[in-house]
Amino acid sequence: MEIITRGLTLEGMERTVKYVLTANVGLSGALLVAVICLFNQDKIVMQQVPGSTATVEVGKATMDVGSQRAILIAVTSNLVQVNPTNAHYQKNFLQAFLAPAVYTKISAEIDAKARLLADQRELGSYYFVFREHQYDPKINKHFVIGDVHTVNAAKDTPEPYVFEYAGHVDNYRFLVDDITSYKGDKAHNSGWLEAQKR
């Protein structure tokens, strides 16, 4: 009787080992597929980006124009709002969105502006009122158009300005590579550049 029981037990153990081995091979295969899919994933779908009302799509090296617009409006507001008391905060904020070379240049400009305002004892404030965003795919530049307001001694003086940005997406982040600003409300886009050549 013990020989029959022992034989059944060995057969049962062989079946169990085969089952466990098959399950392990299957799970290893599924894990390998999951790791390969995760490694090759290059798009992340986000429900909402601040300043953007639509669902947006951000990839490892791509970002929709609406998301770039929201980031550039925030960057523009922080560039304009510099004063002696908040210069450090503005530089910290901008560092996340500017490429290193641009950040070095802008950081020095912010420090110089803060020193100048402190020396002049300028206690006014500055803010940006957004009016329009344009993206020109021909030259891959963004244009943020609005009014820069200077408030001091109960007087609010607005001036139209255009902020021109070139940038790229790197590792799911939009980085500004170049910033140019000029007075007026006419963007120096590809149409404007063509008109200047004539």
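Which condition breaks for A114 when tested against (1) in a helix (DSSP H, G or I); (2) open to solvent by 20 Å² or more (accessible area, probe 1.4 Å)?
Among (1) in a helix (DSSP H, G or I); (2) open to solvent by 20 Å² or more (accessible area, probe 1.4 Å), A114 violates only (2).
T180 - would you say it is over 12 Å from L72 (Cβ atoms), among the β-branched types (V, I, T) and exposed (fewer than 12 other Cβ atoms within 10 Å of the Cβ)? Show your work before the answer.
Numbers: over 12 Å from L72 (Cβ atoms): yes; among the β-branched types (V, I, T): yes; exposed (fewer than 12 other Cβ atoms within 10 Å of the Cβ): no.
No, not satisfied.
With the condition kept exactly as written, say whether any residue in the range 184-191 is open to solvent by 70 Å² or more (accessible area, probe 1.4 Å) and on the phi < 0 side of the Ramachandran plot.
Applying the first criterion (open to solvent by 70 Å² or more (accessible area, probe 1.4 Å)) to the range 184-191 yields 185-186.
Keeping just the survivors that are on the phi < 0 side of the Ramachandran plot gives 185-186.
Yes - at least one qualifying residue is present in the range 184-191.
With respect to the numbered conditions (1) modelled with pLDDT under 90; (2) of a type in the set (A, V, I, L, M); (3) surrounded by 10 or more Cβ atoms within 10 Å (Cβ to Cβ), which one is the sole condition not fulfilled by I4?
(3)
I'd like the full set of residues that are under 15 Å from V144 (Cα atoms) and out of contact with any Gly (no Cβ under 9 Å at 6 or more places or on another chain), limited to the range 164-178.
E164, Y165, A166, G167
Could you list, in sequence order, the residues of the range 85-100 that are farther than 18 Å from R115 by Cβ and open to solvent by less than 30 Å² (accessible area, probe 1.4 Å)?
Correct list: L98, A99.
Under 21 Å from the mean Cα position of the chain (by Cα), hydrophobic (A, V, I, L, M, F, W, C) and more than 21 Å from Y103 (Cα to Cα): is that true of I139 in this structure?
Numbers: under 21 Å from the mean Cα position of the chain (by Cα): yes; hydrophobic (A, V, I, L, M, F, W, C): yes; more than 21 Å from Y103 (Cα to Cα): yes.
Yes.
The values are calculated or read from the model by the stated rules, or taken from the named source; none is laboratory data. All values reported here derive from a predicted model rather than from experimental measurement. Backbone-built Cβ (ideal geometry, glycine too); neighbour counts: all protein chains shown. Side chains included, ligands, DNA and RNA excluded: accessible areas come from the protein's heavy atoms. Shrake-Rupley method; radii C 1.70, N 1.55, O 1.52, S 1.80 Å.
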